[in-house]
1. Test of understanding: what is the full-extension gain from Val20 to Glu214, defined as 0.36 nm times their sequence separation minus their Cα-Cα distance?
2. Net charge within 11 Å of Asp147 by Cβ-Cβ distance, Lys/Arg positive one each and Asp/Glu negative one each, not counting Asp147 itself?
3. Which GluC sites (Glu not before Pro) does the range 133-196 hold that lie in a coil by DSSP with at most 16 other beta carbons within 10 Å?
4. Report, by chain and number, residues whose modeled amide H sits under 5 Å from the one on Gly68, excluding near sequence neighbours (fewer than 5 apart, same chain).
5. Using θ = phi - 60° and the Karplus curve 6.51 cos²θ - 1.76 cosθ + 1.60, what whole-Hz ³J(HN,Hα) does each residue of the range 43-52 get, with Gly and Pro shown as x?
6. Could you give me the ³J(HN,Hα) list for the range 246-252, computed from phi with Karplus coefficients 6.51, -1.76, 1.60 and θ = phi - 60°, whole Hz, x at Gly and Pro?
7. What percent does the relative contact order of the range 1-83 come to when contacts are Cα pairs within less than 8 Å and at least six residues apart?
8. Under a 5 Å amide H to amide H cut-off, with H placed in plane at 1.01 Å, what residues pair with Ala246 once short-range neighbours are removed?
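Read-outs throughout are calculated quantities, based only on the coordinates presented, and are distinct from any laboratory measurement. As the structure is a computational prediction, the values presented were derived from the model and not from experiment. Because the Cβ atoms are built from the backbone with ideal geometry, glycine has one as well, and the counts that use them run over all protein chains shown.
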Amino acid sequence: MDVPETMRAMRISGHGGPEVLEPAEVAVPTPAAGEVLVRVGAVALNNTDLWTREGAYGRPGDPAALSGWRGPIDFPRVQGADVAGRVVAVGPGGDEGLVGRRVVVDPAIYDGEGPDANPVGLMGSERDGGYAEFVTAPAARVHDMTDSPLTDDQLAALPVAYGTALGMIERGGLREGETALVSGASGGVGLALVQIARARGARVLAISSGSKSEAVREAGAHEVVDRAAGTLARLGAVAPDGIDVALDVVAGELLSDGLPLLREGGRWVVAGALGGYEVTFDVRRLYLHNTRVIGSTMHTPGHFDLLMELARRAAVRPVIAAAFPLREAARAQRELARRDHVGKIVLHP
Ligand SMILES: NC(=O)c1ccc[n+]([C@@H]2O[C@H](COP(=O)([O-])OP(=O)(O)OC[C@H]3O[C@@H](n4cnc5c(N)ncnc54)[C@H](OP(=O)(O)O)[C@@H]3O)[C@@H](O)[C@H]2O)c1
């Protein structure tokens, strides 16, 4: 394919509301040595897009500071971590055989080589992302999905939500036959947790709200508890023997009050704080039962390889809630912020 010189991108030039997302005609990036150029087929939205735009991550010692998740953002920045598309060019000396392959980009920037490296940066935050017609990525971070039965929309839904979910499940050591609790279960990460935990042979208890509960059940949850009122009592009733692994993106009171739900040796894995980030709990409930609270961000290269294996055989099937043209990125982000949807919202360049 002939690569044009310029492309349409949606960029942010500072922190703020959805209105800071502006269309721009910019140069198509040139892949450096070791990189490829991907024509974006679909880019999925994540909460991190909203938080990065708003600068809502705070800083150590200054929780109210405007900041990206790893510190200051270099503006202008093209957002978008979740890209599926086709390789259209490779950097100098690169493998020309990649051209034409349908790929998913692992958006993580790692702190080292090897399968257990930690993510310390993200496409769309520490480098330009996929709210654009083209994006560059390290060749080592693109995964060939040409033969996957999943659509581009479904592939784009995988990296952050499913990568985060698989990272939580792996770090929590969830095993077949164990009981898992999933909070925020109708969301992007939550539905991924439900699907992967179920595929792993766990008994899945989910917390969701109102009309979204049916979709969570369809995704594989054995029991869905409404988060409106009396959640803990209901959980106690559906899991009288307790929970092995909590997979939690809500934290807040759920973690403060819910910790005693863990069985002996149970694990409470936290990857989000939709319900509040300042949490207190009785540490006696932690050490007297050999339970663990585990922080989890995104995935490792090893987790991502595992995820791509699942996607190649369609062992996970992301649910797409809505698709918008790229120019309507602000509208799509508003829709995401309303949280009326079930599954992932995607943009099409
Ligand atoms: N650490 C990481 O690497 C990482 C990666 C991705 C996301 N995250 C974080 O994980 C969280 C979820 O992300 P997502 O993309 O899945 O979000 P999402 O698609 O917006 O879904 C979140 C779901 O949580 C529930 N919820 C919303 N507000 C809540 C509240 N105040 N209390 C309890 N439940 C609430 C809602 O479901 P119901 O109405 O059905 O309950 C909502 O659908 C976010 O905080 C995000 O920043 C972290």
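1. Full extension of this stretch gives 66.3 nm more.
2. +3
3. Within the range 133-196, the qualifying GluC sites (Glu not before Pro) (loop, at most 16 other Cβ atoms within 10 Å) are Glu176.
4. Distant-sequence amide H within range of Gly68: Ile73.
5. So the Karplus estimates, Gly and Pro as x, are 10, 9, 8, 9, 4, 5, 4, 5, 5, 5 Hz.
6. Using θ = phi - 60°, the values come out as 8, 10, 10, 10, 9, 6, x Hz.
7. This gives 32 percent for the range 1-83.
8. When sequence neighbours closer than 5 places are left aside, the close amide H contacts are Leu181, Arg267, Trp268, Val269.
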